[in-house]
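The values are calculated or read from the model by the stated rules, or taken from the named source; none is laboratory data. All figures in this text were calculated on a predicted structure; none of them were measured in a lab. Note that each Cβ is placed from the backbone with ideal geometry, even for glycine, and that neighbours are counted across all protein chains shown. Heads up: the accessible areas ignore ligands, DNA and RNA and are worked out on the full protein's heavy atoms, side chains in. Shrake-Rupley method; radii C 1.70, N 1.55, O 1.52, S 1.80 Å.
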Amino acid sequence: MSKVIGLNLPNRRKPAKGDIDIRLKNIEQWIADLPKANVGETARRVFEILVVTNQLHYPPLLRYKFLEELRGPVQYVTVALRKHFVGVSFPLPDKSQKIAAVTREIYLEMASGYKIALEDTLAKTVLFIDKKLITLLCHRAITAMSRCLLTSYQTYAPYPANLWLELHKLYSFAEKHKLLCIAVKDEQHKYIEKSTIYTEYVRSLLVALTSPYHLRHGEVRKVYDTLERWTMHTEIHHLDEKHPHEGYFGFNLDADNPPRSLTLSTINCDHDACRILNTEPLAHIIRDEILNTADVAGTTLTSIDMQRPDLSHDLLRRLLIAWGVISKRNFPRSDKYEKVRVTIGLSATHKIITEGRKSKSK
């Protein structure tokens, strides 16, 4: 079957006699029979059914209903698995790394299922496009991929190749067909009942701009959740529109790359594929948040109170820098050459320091 959007999909075959029947009644019973007290076994079964169904041909509407039924179990197992790698001391044990990898794969398989349903629906459409269904499928695929990104950030692990390219393709398709601002109900959000393709996509862009691998453990999830309330305070423009550099970020819809500040680099792409993200309105919101809210308790470099939903003023200021004005150097660079001694471990560092003090005292 031809691909309308050009998304990366797995090879599929027709269901055989012994393959799973994903009609609603059967899936409801399958979900009811899950051993939820055994999270590991439940996660294994959920992952397995996603992998198997993504390799089979089903009518797109049937696949969509199946995936919607499976969202609850996926939410249950991913939240339960998260406890094994969020809030755990680093470096992560091998078991925790494997659990995080499984969590990412579950999100990727969910995204793949929605992408299959989307491409199949579009391929069968001749004259009339069911905008409501197409919007929901696109929205769900973006949401699943953004949670895969989040899991990578939480464990300081690389995110899958081509993930950003797939996100850009979905956004580009939605933009072309004017689907960006159609509200979609999502009971799995924390602060809002409905969101749009635009807000889910921009949430991924904004999290990427925070340098998420440099955030303290636990902070990235807080930022991700808080962005439910903030993403509407942004704008995306075409490159040919006038814009200043401060508070503006660029990205290429044809590349597998996240956005970057325009003050740091230029965007190498055709005008049709280039987009500019304006975060100036969001910067004003964050300034107001700092001025009108009490600061939360300070955090350390190794821990953060992940149960509290509010953001510290320290984190808000760092977000303001990430999404606002990039500070510039007030002094020129000059060449300088010096010897640098590097030590690893407290014992070696203590020895070097004490040796240095002894040499100075002589």
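Before moving on, here are some points about what is shown:
- From most to least packed by mean Cβ count within 10 Å, the peptides 164-177, 3-16 give 164-177, 3-16.
- Here the Karplus curve 6.51 cos²θ - 1.76 cosθ + 1.60, taken at θ = phi - 60°, turns the phi angles of region 207-217 into couplings of 4, 4, 6, 7, 6, x, 6, 9, 6, 5, 4 Hz, with x standing for Gly and Pro.
- Comparing ASN162, ASN54, ASN252 in a Gaussian network model of the chain where C-alpha atoms under 10 Å apart are linked, the largest mean-square fluctuation is found at ASN162.
- Ranking GLY87, LEU61, VAL4 by how far each Cα lies toward the positive end of the dipole of the chain (charges on Cβ) leaves GLY87 at the top.
- In Hz, Karplus ³J(HN,Hα) per residue of region 107-119 (6.51, -1.76, 1.60; θ = phi - 60°; x = Gly, Pro): 4, 5, 5, 4, 4, 4, x, 5, 5, 4, 4, 5, 5
- Annotation note: chymotrypsin sites (Phe, Trp or Tyr not before Pro) in region 179-211 located in DSSP loop regions with a Cβ neighbour count of at most 13 within 10 Å are TYR191.
- With all protein chains kept in place, the per residue accessible area of region 17-136 amounts to 51 square angstrom at a probe of 1.4 angstrom.
- Under 5 Å, built H, 5+ apart or other chain: amide partners of LEU56: ARG13
- Rounded to the nearest 5, the antiparallel percentage of DSSP beta bridges internal to the chain is 95%.
- Phi-based couplings in Hz for region 219-231 (Karplus 6.51, -1.76, 1.60; Gly and Pro marked x): 6, 5, 5, 4, 5, 4, 5, 4, 5, 3, 8, 10, 5
- Potential extension, ASP33-HIS57 segment - 0.36 nm per residue separation minus Cα distance: 6.2 nm
- Shape box of the chain [Cα atoms, principal axes, largest first, Å]: 87, 53, 42
- Computed packing ranks the peptides 129-135, 105-111 as 105-111, 129-135, most packed first, by mean other Cβ atoms within 10 Å.
- Note on the chain: with a GNM built from Cα contacts shorter than 10 Å, the maximum mean-square fluctuation among PRO160, PRO212, PRO59 falls on PRO59.
- Aspartates and glutamates with Cα under 18 Å of LYS131, excluding same-chain neighbours fewer than 8 positions away: GLU68, GLU119, ASP120, GLU175, ASP186, GLU200
- Carbon + sulfur, % of accessible area of region 166-240 - ligands and nucleic acids excluded, 1.4 Å: 52
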